[in-house]
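Right, one structure below, let's go through it.
The values are calculated or read from the model by the stated rules, or taken from the named source; none is laboratory data. Here the structure is a predicted model, which means the values were calculated and not measured. As a convention, Cβ positions derive from the backbone with ideal geometry for all residues, glycine included, and neighbour counts pool all protein chains shown. Calculation scope for accessible area: heavy atoms of the full protein, side chains included, ligands and nucleic acids excluded. Shrake-Rupley method; radii C 1.70, N 1.55, O 1.52, S 1.80 Å.
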Amino acid sequence: MDKYREILQKYWGYPDFRGIQREIIESIGSGKDTLGLMPTGGGKSITFQVPAIAQKGVCIVITPLISLMKDQVDHLRKKGIQAAAIYSGISRDNIVQILENCIFGGVKLLYVSPERLSSELFQAKLRHMRVSFITVDEAHCISQWGYDFRPSYLNISLVRKFVPDAPVLALTATATPEVVGDIQRQLHFKQENVFRMSFERKNLAYVVRKTEDRYNELVHILNSVPGPSIVYVRSRRRTKEIAELLTKNNISATWYHAGLEPAVKDQRQDDWQHDKTRVMVATNAFGMGIDKPDVRLVIHIDVPSSIEAYFQEAGRAGRDGKKSYAVLLCNRSDISKLKKRINETYPPQEYIRDVYNHIAYFFQVGVYSGAGASFDFDIGRFCAVYHFFPTQVNAALMILQRAGYIDYEIEPDSQARVKFLLGRNELYKLDNLPKNEDAVITSLLRNYGGLFVDYAFIDEGYLAMDSGLSNNDVYMALKSLSKKNILSFIPRKNIPRIRYAVDRVDGSEVVLSDEVYKNRKEQFVKRIDAIIKYMNNDDVCRSRQLLRYFGETKTKDCGQCDVCLSHRNNRESRREFAEAQKTILDFLDDGQRHFITDLYKVKLRCSLLDEALEYLVKEEKILVDGSYIMKA
């Protein structure tokens, strides 16, 4: 048995690889830069975890998803595989310890966020590591032509300079042919090397339902298709609104968005994962890294801005291979809403310059000063003061970030902070504390230093993993200890932050290059046009439309989407209509005149009989004379 299959069976219990897993593993295992295109649920993690175990050294896994890091590290450790993750909230001492373990062979897989790659500490330690290969998850984020470009991903090319002999494995579930080429260029592939697994999902029926009453349609669909479900909406406000609507209709539901407290998010996700809640109503902040294979239904009540986003979110249904549905609810008003998003996402350049000036007024930053200055940004207050709209301000700031003028963190991982209010001796004298609170205190003392002197940044997720509690248990224990004045606990906050990357200039001097603005706006318009076309095209199989967008031309009708079912019903109707005509003509084949009422002896539905009779008269295949009828 080969080493890769032996590892697969030992740690995962699978008899063999599936799809293109083996080809990708053998490619990266032989030292080749490799790009793997695999649909959601295609088994991406196996393609880097297996070769990482097989090779000497540490595999560095770059992913933007902290929840995914924690989840995969936890699963790997339970299997006896050495894995670690570095993300904000872990103390510097712990980070140093993890990096040292990587240098001395104590870690096989190291998960890091792309932002971490630019830190001096990480780069200094990286030079001394034996890196087997670098895995880039969600690789489409490195492409400026992709729908989810993240500037921090550009740091990955820096890492290659420190470990030039380590090959790169890039993985994505959504990439157009243009993005496929750009990923390889951005990651400096030595030569083109792409493995494609068809994005076709044979068990997933795509449906576009045109309706003027989305809410009643939503309830109707959820009542018609049983099982765990996700409902995607565009705004945080609508998550709660629709979850409450479903609850009133006796459908178990909760809501999720990025602005919720971490403990609340964890609890709601856990309840949904374990079927305590049936429906998760969420923004696109929910889903990436979520491994729930039995989702039967994904409904979009608002139309996404791109095929890529829709395909990835819809693909979270039916990962267990069983029949599932992806439903897009829409109507004519969505076209104007989608077109409106173009100006919301790419406001006029003068507007962007105006926002830039007003940010400086808001924070009182003078011209030719401010480089490195950082501010909490209350976007609601800013818009109230200067009469801007939040959506366009947010878009303007993101464009200014791409242009290099500011750093703009929409949802900064601001980290919780803790400081003990009791001295060490007083703390040790405490008894009769609830078990969870005692476990949290022990974990804090074990993992963080200086807590009796000043506030220290902590991570509830790390404490949970260390203490064996849930994230929610840790959060509630910290809140309780804070109320008892044993410690001071400052929870994480999700207030956006703005940092001046360079000295402030006058707005008239702000340069927005074609690469930053014009070209990206054109790409956005193309993506909007593509989703509108998908929404309105009732002639071509939905699955075919999606696959062709991603460059798969050799496709066939799925036979289960709304278009295919409509075509099949039409074919069946035409066949039934033709058979009705033949039945009437056969009845009149004796050359005799018959009373029209005699036709009711023929076993046909009245409506079908009348329709076929009218057609035959028009075509002059039968003659009607008063109450009589005969073959022409």
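Sorting Phe133, Phe577 on solvent-accessible area from highest to lowest, probe radius 1.4 Å, gives Phe577, Phe133. Among the listed values (i) 72, 62, 54; (ii) 89, 57, 54; (iii) 112, 68, 59, the one matching Cα extents along the principal axes in Å as calculated from this structure is (iii). Our summary gives the chain a relative contact order of 13 percent, counting only alpha carbon pairs under 8 angstrom and 6 or more residues apart. In this Cβ point-charge picture (+1 for Lys and Arg, -1 for Asp and Glu), the range 318-428 has a dipole of about 580 debye about its Cα centre. Per residue, the accessible area of the chain comes to 47 Å², computed with a 1.4 Å probe over protein heavy atoms only. Between the residues Ile299, Trp255, His274, the greatest Cα displacement towards the positive end of the dipole of the range 246-360, with unit charges on the Cβ of Lys, Arg, Asp and Glu, is found for Ile299.
What's the carbon and sulfur percent of the range 147-244's accessible surface, probe 1.4 angstrom, rounded to a whole number?
Whole-percent figure for carbon plus sulfur exposure: 49.
Ordered by solvent-accessible area of protein heavy atoms (1.4 Å probe), largest first, the residues Cys141, Cys606 come out as Cys606, Cys141.
Please state the shape class of the range 365-509: rounded when a/c is under 1.5, otherwise prolate if a/b exceeds b/c and oblate if not, all from the C-alpha gyration tensor. Because a/c hits 1.5 or more and a/b exceeds b/c, the range 365-509 counts as prolate. Membrane-span-like helices in the chain, defined here as complete DSSP H runs extending at least 20 Å along the helix axis by their C-alpha atoms with mean Kyte-Doolittle hydropathy no lower than 0.5, are absent; this is a sequence and geometry rule, not a statement about a membrane. Dividing the summed -39500 (n - 2.57) terms of all DSSP H runs of n ≥ 4 by the residue count of the chain sets its mean residue ellipticity at 222 nm at -13500 deg cm²/dmol.
Let me know the shape class of the range 335-382, please: from the alpha-carbon gyration tensor, a ≥ b ≥ c as square roots of the eigenvalues, rounded when a/c is under 1.5, otherwise prolate if a/b is greater than b/c, or oblate. In terms of gyration-tensor shape, prolate. Considering only Pro15, Tyr87, Ile46, the residue lying farthest towards the positive end of the dipole of the range 8-143 is Pro15, judged by Cα position with unit charges set on Cβ. In this model, which of Lys323/Lys554; Lys108/Lys190; Lys190/Lys518 are farther than 32 Å apart at the alpha-carbon? Over 32 Å Cα-Cα: none of the listed pairs.
Quick one: pull the percent of accessible area on the range 35-122 belonging to carbon and sulfur, 1.4 Å probe, ligands and nucleic acids left out. Taking all protein chains in place, the range 35-122 shows 48 percent carbon and sulfur surface.
Normalised by the number of residues in the range 206-354, the average gap of Cα pairs under 8 Å and 6 or more apart makes the relative contact order 30 percent. In order along the range 147-162, phi translates into HN-Hα couplings of 7, 9, 4, 10, x, 4, 5, 5, 5, 4, 5, 5, 4, 4, 5, 7 Hz, rounded to whole numbers, per the Karplus curve 6.51 cos²θ - 1.76 cosθ + 1.60 with θ = phi - 60° and x for Gly and Pro. Net charge of the neighbourhood of Gly318, taken over other residues with C-beta under 15 Å away and scored Lys/Arg +1, Asp/Glu -1, is +4.
The phi torsions of the range 116-124, fed into the Karplus equation with coefficients 6.51, -1.76 and 1.60 and a -60° offset, translate into couplings of 5, 5, 8, 6, 5, 4, 4, 5, 5 Hz, rounded to whole numbers, with Gly and Pro shown as x. Relative contact order of the range 135-274, taken over Cα pairs closer than 8 Å and 6 or more residues apart, is 17 percent. Between amide H atoms placed 1.01 Å from N, distances below 5 Å from Leu433 occur with no residue 5 or more places distant or on a separate chain. Comparing Ser627, Ala501, Val233 along the charge dipole axis of the chain, the residue lying farthest to the positive side is Ala501, per the Cβ-charge model.
Here is the link list: Lys79/Lys322; Lys202/Lys240; Lys10/Lys32; Lys582/Lys603. Which ones come out longer than 21 Å on Cα distance?
Too far apart for the 21 Å limit: Lys79/Lys322; Lys202/Lys240; Lys10/Lys32.
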